[in-house]
Amino acid sequence: MSTGTIPPISQWKRWQPAPPVLAAWGVLVVCFLVTYWSTIRHVVGVWCNTPDYEHGFFVPIFACFILWLRQDMVDPWPTRGAILASIPFFVVWALFRWMVVYLNYERDIDSLFPFLIGMTLLLGGWRALRWAWPSILFLIFMVPLPARVAESLARPLQRVATIMSVYTLQTLGIPAIVRGDQSNVIQLSNPAHQLEVATACSGLRMLTLFFAVCVGASFLMKVRLWEKIILVISAVPIAIISNVARIVLDGVLTEWVSPEAGNFIHDKAGWLMMPLAMLMIWGEMSLLAALLIDSTVKGPLSFGDGNVSQGRRGPPAGGSLLGPMSGGPPRSPLR
């Protein structure tokens with residue numbers, strides 16, 4: 001398990017544009033900011049006011065880091081692009097903007113992705129898109145989920161967290177039950193002590209965050225494709241286990257110490273979930289690396305002293321499967 005080599009900062013000079021190119025990029029950036037200014041303000045407001053998307057500030061930074069890490073894949077200032085291939089993406093982008101203006105479509109940020117793909121193809125062609133597609137894909141994690149999607153995910157996560165927490169508390173010897181078949185309230189031994197697994201505690205925040213972490217890690221690690229897929233899929237159980245750990249810790253302190261201690265750890269344990277998740281990711285990748293060892297043999301096995309594999313001609317060594325024991329002429333078979 002290894003990561004890619006980070007290019008030195010000294011290579012920034014190859015990305016320094018000529019004055020005409022710099023002026024053109026300045027005009028393009030200004031037009032982009034004017035067009036998307038209200039959308040950018042709305043998204044930043046969501047990051048500031050919604051705990052589930054506080055990680056959105058770091059997503060563009062990490063996307064730029066991925067671009068820098070993969071910079072050897074592309075010419076900084078290509079002379080031609082794929083104009084025809086970019087047209088369908090600009091059509092989709094224009095359709096999104098039309099929906100925003102005339103159909104009151106509220107998710108103008110969705111139009112950003114076909115715009116970025118189209119601009120990448122227009123300016124650098126398919127080679128530039130192969131370089132930039134991980135960063136464009138990673139920007140999805142800065143976009144808030146649609147309200148219906150978030151609600152449909154929060155309810156089952158909320159229920160799973162409640163049931164798993166109850167089983168874990170019971171395993172630890174703490175009397176705990178769920179009040180009602182559809183309830184998300186955990187009743188402890190004291191009737192006055194209850195743990196409510198609210199929507200905010202469903203684990204959706206951890207799920208989105210850990211998906212971002214696992215996808216980002218898959219871009220950095222030099223492992224096989226199927227290992228990257230396993231890493232991304234593992235974001236779901238890692239998020240659920242981390243959320244259950246926080247609820248169980250809250251219940252243990254409430255039962256054995258005091259409700260105040262449980263409430264304190266419930267509010268502060270969110271900061272501990274990220275180190276726990278990173279530890280589980282490290283353990284998962286270390287286990288895969290220990291169980292699945294790459295073969296170091298790159299060709300057919302050689303016999304004897306290995307002269308054949310090194311390109312030297314000669315009689316086979318004594319005792320090998322390529323010839324008789326002695327170096328003389330072969331004996332005739334016994335009759």
Practice task
Scan L153, L116 and give me the residue that is assigned by TED's automatic domain parsing to the domain that holds L207, part of a helix (DSSP H, G or I) and either at pLDDT 90 or above or farther than 29 Å from V21 by Cα (or both).
Solution key: L153
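Take the residues in the range 71-81 that are surrounded by fewer than 18 Cβ atoms within 10 Å (Cβ to Cβ) and without any contact (Cβ under 8 Å) to a residue 60 or more places away in the chain; name whichever of them is farthest from L123 (Cα to Cα).
The extreme case among them is M73.
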Fill in the blank from the handout: Just one listed residue, out of W25, W68, is under 27 Å from S218 (Cβ atoms) and either among the hydrophobic types (A, V, I, L, M, F, W, C) or surrounded by 11 or more Cβ atoms within 10 Å (Cβ to Cβ) (or both), and it is W68
Exercise for the section: Looking at (1) farther than 30 Å from P51 by Cβ; (2) at pLDDT 90 or above; (3) in contact with a Gly (Cβ under 7 Å, 6 or more places away or on another chain), find the lone condition where F138 falls short. Expected result: (1)
Practice task
Would you mind stating whether I61 is under 30 Å from E227 (Cβ atoms), in a loop (DSSP other than H, G, I, E, B) and out of contact with any Gly (no Cβ under 9 Å at 6 or more places or on another chain)?
Solution key: no
Handout entry: Residues that are without any contact (Cβ under 8 Å) to a residue 40 or more places away in the chain and hydrophobic (A, V, I, L, M, F, W, C), drawn from the range 34-56
Key = V34, W37, I40, V44, C48
Exercise for the section: Could you please let me know if M164 is surrounded by fewer than 21 Cβ atoms within 10 Å (Cβ to Cβ) and either at pLDDT 90 or above or in contact with a His (Cβ under 9 Å, 6 or more places away or on another chain) (or both)? Expected result: yes
Exercise for the section: Would you please list the contacts, defined by Cβ atoms under 7 Å and residues six or more apart or on different chains, that run from a residue in the range 237-265 that is crowded, with 17+ Cβ neighbours inside 10 Å to a residue that is among the hydroxyl-bearing types (S, T, Y)? Expected result: V244/S165; V244/T168; I247/S165; V248/S165; V248/T168; G251/S165; E255/S189; G262/T254
Practice task
Tell me, please, whether a residue that is surrounded by fewer than 19 Cβ atoms within 10 Å (Cβ to Cβ), under 25 Å from L204 (Cβ atoms) and within 28 Å of the chain's Cα centre (by Cα) can be found in the range 89-97.
Solution key: no
Problem - Checking L123 against (1) in a helix (DSSP H, G or I); (2) over 30 Å from L69 (Cα atoms), the condition it does not meet - result: (2)
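The values are calculated or read from the model by the stated rules, or taken from the named source; none is laboratory data. This is a predicted model, so every value here is computed, not measured. With ideal geometry, Cβ positions are generated from the backbone for all residues, glycine too; neighbour counts draw on all protein chains shown.
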